[in-house]
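Undergrad: Here it is, the structure, as structure tokens.
The values are calculated or read from the model by the stated rules, or taken from the named source; none is laboratory data. Every value quoted in this text rests on a predicted model; they were computed, and no experiment measured them. Reconstructed Cβ throughout: ideal geometry from the backbone, glycine too, with neighbour counts over all protein chains shown. With ligands, DNA and RNA removed, areas are computed over all heavy atoms of the protein, side chains included. Shrake-Rupley method; radii C 1.70, N 1.55, O 1.52, S 1.80 Å.
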Amino acid sequence: MIPVQIVGVSGSLRAKSYNRALLVAAQELLPPDVSMEIAELHGIPPYNMDLEDPAPPAVLSFKGQIRKADAVLFAVPEYNYSVAGILKNAIDWASRPYQDNVWAGKPVAMVSASIGMLGGARAQYDLRRSFVFLDMHPINRPEVFVSFAPTKFDEQLRLKDEPTRKVLRQLLSALVDLTRRLRPPAPK
Ligand code: FNR
């Protein structure tokens, strides 16, 4: 199998984040020949066009992680019915300057966890709109919305809910399949 490298990006900075915990769960559920690292957003400053050239080191390092990945998995916290600003800010940075948008052409999937009953769906649909301008290739199905998050994780933040583990595995499989389909064949 062609190896696939995924980068996971969570929009929550807090230590006990359910969204980040979903990425950790994903690392346990990967198909064969697939690896996934989690990019951290802690050092990324608020976006400012005046700082684009040269970009801050944390931004350059984040862009490097995205650039070398074959596919992206976003964990999308929903804040006030939309994408958490931390995540949108990191996405904006890595899309600039315009001719160096590192998201372009990458297959992408999303997960979200929320304490509410819609599981972050509204934030995912907002982010899906950004994929158009970012020129990414989103997975349509399955959709993974983890509602009532405190009931789905144990004390150590391990995803314990079997139906959620199953749908997350299916999402990863869809992301890897699309990544392999989009990749140009290796030269003979
Ligand atoms: C929230 N939360 C939330 N949940 C939701 O389902 N819809 C929403 O619009 C909001 N809005 C919102 C705004 C702000 C500022 C905060 C801090 C929280 C609750 C949110 O789902 C919950 O805090 C999650 O646990 C956040 O994700 P992490 O940090 O656990 O990954």
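Undergrad: Among Ala75, Ala109, Ala121, which is the only one that is touching a Pro at 6+ places or on another chain (Cβ under 9 Å) and not aromatic (Phe, Trp, Tyr)?
TA: Ala109
Undergrad: Of the conditions (1) assigned to a helix (DSSP H, G or I); (2) more than 16 Å from the ligand (Cβ to nearest atom); (3) open to solvent by less than 20 Å² (accessible area, probe 1.4 Å); (4) in contact (Cβ under 8 Å) with a residue 40 or more places away in the chain, Ala123 fails just one. Which one is it?
TA: For Ala123, the failing item is (2).
Undergrad: Given (1) more than 15 Å from the ligand (Cβ to nearest atom); (2) open to solvent by 30 Å² or more (accessible area, probe 1.4 Å), where does Tyr79 come up short, assuming only one miss?
TA: (1)
Undergrad: Another one. Taking the range 131-149 on its own, how many of its residues are assigned to a helix (DSSP H, G or I) and without any contact (Cβ under 8 Å) to a residue 40 or more places away in the chain?
TA: Matching residues across the range 131-149 total 3.
Undergrad: If I go through the range 96-120 residue by residue, how many of them are open to solvent by 20 Å² or more (accessible area, probe 1.4 Å), in contact with a Ser or Thr (Cβ under 9 Å, 6 or more places away or on another chain) and more than 13 Å from the ligand (Cβ to nearest atom)?
TA: The qualifying residues number 3.
Undergrad: Name the residue, out of Ile91, Ile66, that is more than 16 Å from the ligand (Cβ to nearest atom), touching a strand residue (DSSP E or B) at 6+ places or on another chain (Cβ under 7 Å) and part of a helix (DSSP H, G or I).
TA: Ile66
Undergrad: Exactly one of these conditions fails for Ala39: (1) under 11 Å from the mean Cα position of the chain (by Cα); (2) within 13 Å of the ligand (Cβ to nearest atom). Give me its number.
TA: (2)
Undergrad: Oh, and also: Which condition number does Gln156 fail, the rest of (1) farther than 26 Å from Asn80 by Cβ; (2) touching a residue at least 60 places away in the same chain (Cβ under 8 Å) being met?
TA: Checking Gln156 against (1) farther than 26 Å from Asn80 by Cβ; (2) touching a residue at least 60 places away in the same chain (Cβ under 8 Å), the one that fails is (2).
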